[in-house]
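Trainee: Mind having a look at this structure? Questions to follow.
The values are calculated or read from the model by the stated rules, or taken from the named source; none is laboratory data. Keep in mind that this is a model prediction, so the values were computed, not measured. We place every Cβ from the backbone using ideal geometry, glycine too, and count neighbours over all the protein chains shown.
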Amino acid sequence: MSLTLVGISHHTAPVELREKLTFRDTEIHKVKEKEAVLLSTCNRTELYIHSHDDAHKERAVNFFKDHFQEGGLEKYLYIKEKQEMVRHLFTVAAGLDSLVYGEQEILKQVKDAYQAALNLGMTSKLFNVLFQRALYVGKLVRTHTGIAHGALSVGSVAVSLAEKIFGDLSESNVLLFGAGEMAEISARHLMSKKIKKLFVANRTLENAQKLAAQFQGAALNLEDGFSRMTSADIIITSVSSDEPILTSDMLKKTMSDRGNRSLFVIDIGVPRNVDASAHNLDNLYLYNIDDLQGIAGENLKSRGGEIEKARNIVNLKADEFCVWVKSLEEGDEKSLKHGAEYLRASAGDL
């Protein structure tokens with residue numbers, strides 16, 4: 001079974017390194033492999049390959065090194081092959097390798113990455129079965145365990161951090177940069193805390209208006225958002241951008257304009273949306289996505305048994321898949337029937 005994964009994640013590298021290896025789903029065409037899926041999220045970048053060429057691992061590592069454009073990357077990368085790769089993919093889809101255990105976003109991200117490769121004809125029958133099976137396992141775990149009960153997302157953990165800092169958020173003005181899925185999750189949790197006012201700033205004003213309208217907030221374009229920083233108590237950034245949208249100089253002026261009144265900035269963008277050097281400004285408290293791990297870890301205590309149950313499901317389904325692949329390699333015609341069964345997510349599978 002020539003299945004290989006090369007990746008980097010929050011387990012092996014800090015955000016300042018991970019952000020140099022981020023890709024959009026559409027960039028899968030940059031991978032010089034016949035069969036590959038490129039999964040890139042705020043916590044990981046992983047390249048899944050099916051190849052009979054012995055040099056594919058070296059090519060995958062070089063693909064990351066070329067994009068990273070700095071030395072010393074190898075010590076942060078991990079390589080998983082065959083059954084270990086299958087088990088890892090199923091674990092990822094189940095939300096068991098995320099910063100926030102049981103999060104829902106990763107399942108869609110796996111699906112989108114797979115769909116992008118499928119659209120370009122970069123998946124074989126084996127890869128199709130593998131990824132569709134992974135999506136099924138992800139749903140199965142969430143259906144048959146309580147891992148997602150009380151589970152948080154990165155956006156909601158950011159709000160929890162704000163609550164830890166301020167306590168009662170009812171008198172807080174919150175400025176949200178971004179109008180995507182993570183921003184929407186953050187906004188929903190912010191409103192559950194009955195904040196004083198929500199402002200949504202985005203490059204595309206129409207998208208900001210759509211999000212703000214859901215929560216009785218105010219929509220702003222980016223320039224107006226920058227001006228609004230003077231009166232905000234909390235800023236949360238979740239923008240897709242290769243460069244920081246908030247520079248240190250910009251924030252230095254903001255702090256001066258607000259009379260150095262304390263400002264809390266939570267940056268959940270990857271690449272980061274806020275210049276890291278802004279952390280040195282007096283009375284500005286900057287947190288990035290890696291700083292959220294402590295809060296996310298607290299959420300695990302009440303779900304330990306469910307996590308173990310989820311892992312058992314993942315291991316069982318990974319073993320089943322590998323048995324099917326072995327029978328396929330040995331020319332067992334029944335394996336074709338089994339493959340079709342893998343593509344059907346029946347509720348009675350357990």
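Trainee: Among Ser40, Ser9, Ser2, which is among the hydroxyl-bearing types (Ser, Thr, Tyr) and more than 21 Å from Gln83 (Cβ to Cβ)?
Mentor: Being among the hydroxyl-bearing types (Ser, Thr, Tyr) and more than 21 Å from Gln83 (Cβ to Cβ) holds for just one of Ser40, Ser9, Ser2, which is Ser40.
Trainee: So, in the stretch 214-249, of the ones that are surrounded by fewer than 19 Cβ atoms within 10 Å (Cβ to Cβ) and in contact with a Phe, Trp or Tyr (Cβ under 7 Å, 6 or more places away or on another chain), which residue ends up farthest from Arg261 (Cα to Cα)?
Mentor: Among residues in the stretch 214-249 that are surrounded by fewer than 19 Cβ atoms within 10 Å (Cβ to Cβ) and in contact with a Phe, Trp or Tyr (Cβ under 7 Å, 6 or more places away or on another chain), the one farthest from Arg261 (Cα to Cα) is Ala218.
Trainee: Are there any pairs with C-beta distances below 7 angstrom linking a residue in the stretch 234-249 that is touching a residue at least 24 places away in the same chain (Cβ under 8 Å) to a residue that is buried (at least 24 other Cβ atoms within 10 Å of the Cβ) and of a type in the set (Asp, Glu), with the two at least 6 apart or on different chains, and if so which?
Mentor: These pairs meet every condition: Thr237/Asp267.
Trainee: In the stretch 292-350, how many are closer than 30 Å to Leu161 by Cβ, at pLDDT below 85 and assigned to a helix (DSSP H, G or I)?
Mentor: Residues that pass the stated criteria total 11.
Trainee: Going by the structure shown, is Leu39 surrounded by 18 or more Cβ atoms within 10 Å (Cβ to Cβ) and either on the phi < 0 side of the Ramachandran plot or not assigned by TED's automatic domain parsing to the domain that holds Pro244 (or both)?
Mentor: Judged against the criteria, Leu39 is a match.
Trainee: Give all pairs with beta carbons closer than 9 Å in which a residue from the stretch 279-298 that is in the same structural domain as Thr247 (by TED's automatic domain parsing) meets a residue that is assigned to a strand (DSSP E or B) and surrounded by fewer than 19 Cβ atoms within 10 Å (Cβ to Cβ); count only pairs at least 6 apart in sequence or on separate chains.
Mentor: Matching pairs, first to second residue: His279/Tyr285.
Trainee: If a residue has to be within 19 Å of Leu220 (Cβ to Cβ) and either aromatic (Phe, Trp, Tyr) or in contact with a strand residue (DSSP E or B) (Cβ under 7 Å, 6 or more places away or on another chain) (or both) to count, how many in the stretch 157-190 make the cut?
Mentor: Residues in the stretch 157-190 being within 19 Å of Leu220 (Cβ to Cβ) and either aromatic (Phe, Trp, Tyr) or in contact with a strand residue (DSSP E or B) (Cβ under 7 Å, 6 or more places away or on another chain) (or both): 12 in total.
Trainee: Turning to a different aspect of this structure: Would you point out the residue of the stretch 1-34, among those that are acidic (Asp, Glu) and part of a helix (DSSP H, G or I), that is farthest from Val270 (Cα to Cα)?
Mentor: Restricting to residues being acidic (Asp, Glu) and part of a helix (DSSP H, G or I), the top hit is Glu27.
Trainee: If you don't mind, there's one more thing I want to ask. Taking the stretch 196-213 as the search range and keeping residues that are loosely packed, with under 14 Cβ neighbours inside 10 Å and touching a residue at least 12 places away in the same chain (Cβ under 8 Å), which one is farthest from the chain's Cα centre (by Cα)?
Mentor: The qualifying residue farthest from the chain's Cα centre (by Cα) is Lys196.
Trainee: Can Leu99 be described as at pLDDT 95 or above and closer than 30 Å to Ile307 by Cα?
Mentor: No; evaluated as a whole, the condition is false for this residue.
Trainee: Among the candidates Val86, Val61, which residue alone is among the β-branched types (Val, Ile, Thr), in contact with a Leu (Cβ under 8 Å, 6 or more places away or on another chain) and farther than 13 Å from Ile8 by Cα?
Mentor: Val86
Trainee: Listed residues Glu81, Glu46, Glu58; which is surrounded by 23 or more Cβ atoms within 10 Å (Cβ to Cβ) and within 17 Å of Leu3 (Cα to Cα)?
Mentor: Exactly one residue qualifies, and that residue is Glu46.
Trainee: Need at least 2 residues that are touching a residue at least 60 places away in the same chain (Cβ under 8 Å) per element, so show me which helices (runs of 4 or more DSSP H) inside the stretch 35-154 make the cut, counting only ones lying wholly within it.
Mentor: 82-93, 105-119, 125-144
Trainee: Which one of these is more than 19 Å from the chain's Cα centre (by Cα) and surrounded by 21 or more Cβ atoms within 10 Å (Cβ to Cβ): Thr123, Thr143, Thr91?
Mentor: None of the others qualify; the one that does is Thr123.
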